[in-house]
Structure formats: C-alpha cells, structure tokens
1. Hey, what did the stretch 273-337 get for relative contact order, percent, Cα under 8 Å, at least 6 apart?
2. Packing-wise, with mean Cβ within 10 Å as the measure, how do 77-87, 207-217 rank, highest first?
3. Once a ≥ b ≥ c are taken as the square roots of the eigenvalues of the Cα gyration tensor of the stretch 292-360, is the result rounded (a/c under 1.5), prolate (a/b larger than b/c) or oblate (a/b not larger than b/c)?
4. Compute from the Cα atoms of the stretch 245-372 the Rg and the Dmax, the latter being the longest Cα-Cα distance, and quote both in angstrom.
5. Which order do the peptides 132-139, 285-292 take when ranked by the mean count of other beta-carbon atoms within 10 Å per residue, highest first?
6. Taking the Cα centroid of the stretch 132-148 and of the stretch 332-372, what is the distance between the two, rounded to the nearest whole Å?
7. How many angstrom lie between the Cα centre of the stretch 301-327 and the Cα centre of the stretch 264-286?
8. In the neighborhood of A188, defined by Cβ-to-Cβ distances under 15 Å, what is the net charge if each Lys or Arg adds +1 and each Asp or Glu adds -1?
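Values quoted throughout were computed directly from the atomic coordinates according to the rules given, and no laboratory measurement underlies them. Please read these numbers as outputs of a predicted model, since none were measured by experiment. With ideal geometry, Cβ positions are generated from the backbone for all residues, glycine too; neighbour counts draw on all protein chains shown.
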Amino acid sequence: MERMTRTTRALVVPLSMAMVAGCSLVHSLDYLTNGGSLVDGSADDGAGNGDAQDEPVDAPSTSDAPRAPPERLADADGATGIALSGSSVYFATPGHVFRLPKAGGAPQPVYTFVNGGTPDAIGADETGGAFFAHANTLHYVAATALSATQVSANAVFCAAGLAVQPDAVYVTDNCSTGRVARWQRADAGMDYFGAGGGPTRAGMVVIDGGAYWMSVPDGGVGSVIGATPGGASNTLVADGQLEPRGLARFGETLYWTTRGTPPDYVDGELHAKTPESTASNVSTYARGLHSPRDVVVVGSHAFVACEGSAAGSDGSIVQVSRQGGDPEVMAEGRPRPAAIDADGQYVYWVEQGSADGASHGGVLRVPLPPDP
C-alpha cells in the first residue's frame, strides 16, 4: 500500500472532473505520516496544481466485480467523528466518545459529557490514543485507559478542526477570531497564531509545521487558508469555495470537498492543491457530489463521505482515483455519512442515521481497494 510522503513533485497534469449522483473530521496518523510514493506519468503526481479538464466524465457506477457489502462494527446514532489509532477506532456521538476494537467487540465509552453535546473535533495519536476537543477544553485518552483526561481547559475556544502531530496538537477556533491554538505536548504550553479569518469548519492538517484549515463566513462561500506558528498573518490557499467541508492531505497536497449550492447540495466537488501554488490554481477531481462532508486520501485514491439529503438514506461512499477516470460508488443508500478514515486494510466511516429514525447510525467499513 502506497501512503503519503512529504515529497512534492512539480509536474502539472490535467485531472478528471466527474458528475456524481449521490455521493468533518480528523484522520488517523497512520496515513498522515507514513510511507508511500507519488505517481509518475500522466497520472496525478500529488502536486495537485493542474487544471481540470473541460469535459465531465460519466457518473460513477458500481464495479462490474462483486463488492462486499459494508461491515457494520457498531450502532452509533448521531455519530459525527471518527479517528483510527493502532488497533482501535475512536468515534463520537452526542454526549459520548467511544473506543472500538478493529478486531471486533463492543464499543467502550471513554468519555461522557455531563452537559451533553458532541465533541467538536477528534484525532488519533501515534500511541493508540486519541485527542478530542469540546466545550473549550482539550481531552486525551490513552490506548489502554478506561477514561479520558483533561489536558487543557478554557484554552481551545469553539474548536472545529484538530490535527495531532508528534510534538503538538493543533486546534482551529470556530468563534469569530478563527485563530489556531497549538498545545505543546512536551510542556503542555498553549500558544496561538494566525490572523483569524472568521468561523471555521471541521478539518485541519499540518504540513511541515504549517497549519491549514477552512474559513466559512456567513453566506457559505469560504476559503482554505494556512498559517505558521509565530505568524501574525494567514496565507490564502484557495478562495471562492462554496461551503468547504472536510480537509485531508497526501504528501504536501491538500484535498478538500465543497458542499455545493443549497438547499439540495447536489453539486458538491472534490478539489486538490499544493499550498505554495497560486490561489487560483485549484484542481477539480469530481463534480456533482451529493453534499460531500469528509475526505481521506490513501495511495492512489481519495474516498469521500457524501451525506446525501438531510432526511433520507441516499448518502454514499465514493472512490475517486488520483490518476483520473470515473469515480466509483463503494457503498450507496447510506443514512447520512458524516466522517471517514482509512488504514492499510479498510476504509472506515460513521453515519448519523436518517432523520426519521428508520435507519440507524453506525460505524462501518469496507476493504480498501488495491492500488492499480
């Protein structure tokens, strides 16, 4: 399995657009930091700074080869966050954070919120544990601990996105300031950087010490921005984004989804770009996604969790090749997928369940397709 590296290639290539019918929050350290190489030739090289083709390709379809149905690991109504760490799956539901063995078994609650609410952001660390933020507080649960502990109080205001690094945990601020908080793991110190930018959305990544996140002011048209610790200003990565949601990285390339136009959100898109390229030089991988909410990139593919309509069970998990070509639906008829993650064997996601209660939420997975 080829995974992400910190190598950037300068090749500029055309990328496919796709019209997709029916296709949040933080991703596992496995694919954020380990291994892999980029693709040569006419395929996407990971630079993510080419222009999309002018002609859309066909809508995705299920593969001719039989595909196993999703494996349901646990029920989880209202689930909105997922992170993979070692042998465990961490996921968030209203009022709780759970740890679930990948090998199977019952989910174990590791934190319960006294005043209710759902964790604003969750992310895994390299030791099998996980961090999560809620109600202005950063929490941590170790791999074998029975419950989480508070590591920083009243310092992570309105948390939205969270990125775990070996030396620090970065959290975006969803209040009006839109700044970034960095909690130093060595001395538990907290500092802040960036120039704000307004309310943020779930999803945050760190590349070579620089933090990147999404700013979405009132009105839904937002931007992807970045900043470095100690800096007093932000760097614009991409602007004019129609409600950006979900942010991931492969090598030094950023990937994100845009939800599209309300109220139906049937024109969502998947984009990619390297931070250092010009703000207008954004590649489009897929179009016509139905309310995409989160994305993860592993090897030669991006995987998108598409929420679908607010009330129904028409969400999906869509596989998009970084080398171009038609997207493929991996799982369809899903009740509002909310967040997605992957390791070297499976693509995992959580779904909230349908609004009418007819379909329950849960933690599910499908085998990771082989790289070509």
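1. Values: 127 pairs, mean separation 16.7, N = 65.
Relative contact order for the stretch 273-337 comes out at 26 percent.
2. 77-87, 207-217
3. Details: a/c = 2.79, a/b = 1.88, b/c = 1.49.
It is prolate, given that a/c is not under 1.5 and a/b is the larger ratio.
4. Expressed in Å, the Cα Rg and Dmax of the stretch 245-372 come to 14.2, 46.
5. Ranked from most to least packed, the peptides come out as 285-292, 132-139.
6. The stretch 132-148 and the stretch 332-372 have Cα centres separated by 24 Å.
7. Rounded to whole Å, the Cα centres lie 15 Å apart.
8. Around A188, the charge tally is -2.
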